[in-house]
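Read through the structure below, which is laid out as C-alpha cells, and then see the notes.
What follows is calculated from the coordinates using simple rules that are stated; it is not laboratory data. Just so it is clear, the model here is predicted, and its values are computed rather than measured. No Cβ is skipped: glycine too gets one built from the backbone with ideal geometry, and neighbour counts run over all protein chains shown.
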Ligand SMILES: NC(=O)c1ccc[n+]([C@@H]2O[C@H](COP(=O)([O-])OP(=O)(O)OC[C@H]3O[C@@H](n4cnc5c(N)ncnc54)[C@H](OP(=O)(O)O)[C@@H]3O)[C@@H](O)[C@H]2O)c1
C-alpha cells in the first residue's frame, strides 16, 4: 500500500485511545476520518489541539457526524471515506457504569460492532478492521495470566457485550475471510483517561489536594488489582495489528498487576503527601461483581509484532499526576 492510499476511519476518535491513535496515524502520513456524536458542546477536548491546527484539520483530519446506533449514516460515511483501515473504538467504556446502563452499553459494545462488520463486509474495496476488545471478556478467568485462547467468562454487562463482539469478529474472519482483528486490551491509562476512571480520579485528587483545592478522596475497593499500561503504547499495538499479512487476535498487556492502593501510594508520593490522611474507602463504590485477577500474557504480540511497553507503572502514575498539576497551573 502506498502512503497516498492510506485512509483511516476511527469510531471513538474523541476518546482517550482515539485521540492518541489519531496523532499516531497523522504522524504515519494517513488521512484520518473520525466519527463524532452530536453534542451540545462543540469542545472536543482530547482532539481540540488537532482541530485548531489549520495545517491538519480539513486537510488530513476530517470529522463526520454519526452515532453507533445509526447504521444508515455509518454506511454513508464508509461510502464517502472509503477507508483502507477502520479502528472501531467507540462505545460506553466504563465497566462499573455498565451495571447502571446495561442496555445502551450492550447496544454500543455489542450490536454496533455487528452493524459495522456488516458494513465492512459490503465494501467494494478491501479494508482492515480493528475491534477494541477487552480483558473484561475473561471476567472470572479460569487461568492466570490470560492468553488469546483463555475461555471467555465475562462478569459484567460490558464484558458480555465485548465477548459477543469479539466472537463475531472471529466468525466474520473465518466465514467471510475479512481482515478483522481483536485487540484484547487490558486497562490502559493516560492523562486523557476519562475523569470517572479510578486512575484519573486518584491522579486528579492528589494534585488538587496538594494545591489545597480538595480535602479528601473516596474510593471503592483499594485491594482491586489491575494490569495497567500506558495508552500511547496500546494504540501502537492497534496499528501494528493492521499492518500484518494476516489478521489475528492479540492480548495487549503489561503482565504485571498493581492494586488501587499502590496507585494511590504512588500518586500521593509524587506530591509528597501521606495518602492515609486523605483517602477513604466507601463500600458503596465497589463493583457489584469484582472479576477474578485479570493479568495478560502479551507474548504473542511481543514475539510476532515486536510490540513493547515503554515506561513503568510508577512512570505512568507520575505522568498522570504531573499532567494534573500542570493543568491546575494553567
Ligand atoms: N481504556 C481501556 O483501558 C480499555 C481497555 C480495553 C478496551 N477498551 C475499549 O477501547 C475503546 C476505547 O477506549 P477509550 O478508553 O478510548 O474510551 P473513551 O475514552 O470512553 O472513549 C469512547 C469513545 O466512544 C465514543 N462513543 C460512545 N458512545 C458512542 C456512540 N453511541 N456513537 C458514537 N460514538 C460513541 C465517545 O464519544 P464522546 O466523546 O462523544 O463521548 C468516545 O469518543 C472502547 O471501546 C473501550 O471499551 C478500553
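Odds and ends about this structure:
- Helix 16-27 and the longest principal axis of the C-alpha atoms of the chain enclose an angle of approximately 50°.
- Computed over the chain with a Gaussian network model linking Cα atoms closer than 10 Å, the most mobile of 42, 168, 305 is 42.
- Candidates 139, 220, 12, ranked by Gaussian network fluctuation over the chain, Cα under 10 Å, top entry: 220
- Placing a pseudo-label 7 Å from each Cα along the Cα-to-Cβ vector at residue 42 and residue 73 gives an inter-label distance of 1.7 nm.
- Here is the P(r) of the stretch 1-103: all C-alpha pair distances, binned every 10 Å from 0, give 14, 47, 30, 8, 1 in whole percents.
- P(r) tail fraction, the stretch 180-237 - alpha-carbon pairs more than 16 Å apart, %: 55
- Rounded to 10°, Cα long-axis angle of helix 231-241 versus longest principal axis of the chain: 20
- Calculated on alpha-carbon atoms, Rg and Dmax of the stretch 105-173 in Å: 13.0, 42
- Pairwise FRET efficiency - residue 213 versus residue 284, Cβ, R0 = 30 Å, nearest 0.05: 0.75
- Compactness of the chain, expressed as Rg and Dmax over alpha-carbon positions, Å: 19.6, 61
- Distance between the modelled labels on residue 246 and residue 23, one decimal in nanometres: 3.5 nm (7 Å Cα→Cβ projection).
- Normalised by the number of residues in the chain, the mean separation of alpha-carbon contacts (under 8 Å, six or more apart) gives a relative contact order of 17 percent.
- With a simple spin-label model that places each label point 7 Å from the Cα along the Cα-to-Cβ direction, the separation between residue 272 and residue 101 comes to 4.1 nm.
- Within a Gaussian network of the chain (alpha carbon springs, distance under 10 Å), most fluctuating of 80, 203, 141: 80
- Of every Cα-Cα pair in the stretch 269-326, the percent that sits beyond 18 Å: 66
- Remark on the stretch 51-197: ratio of C-alpha radius of gyration to 2.2 N^0.38 Å is 1.11.
- Cα-based helix-to-principal-axis angle, 198-210 vs the chain, degrees rounded to 10: 40
- Here the stretch 189-330 is treated as a Stokes sphere of Kirkwood radius computed over C-alpha pairs; at 20 °C and 1.002 mPa s its diffusion coefficient rounds to 131 µm²/s.
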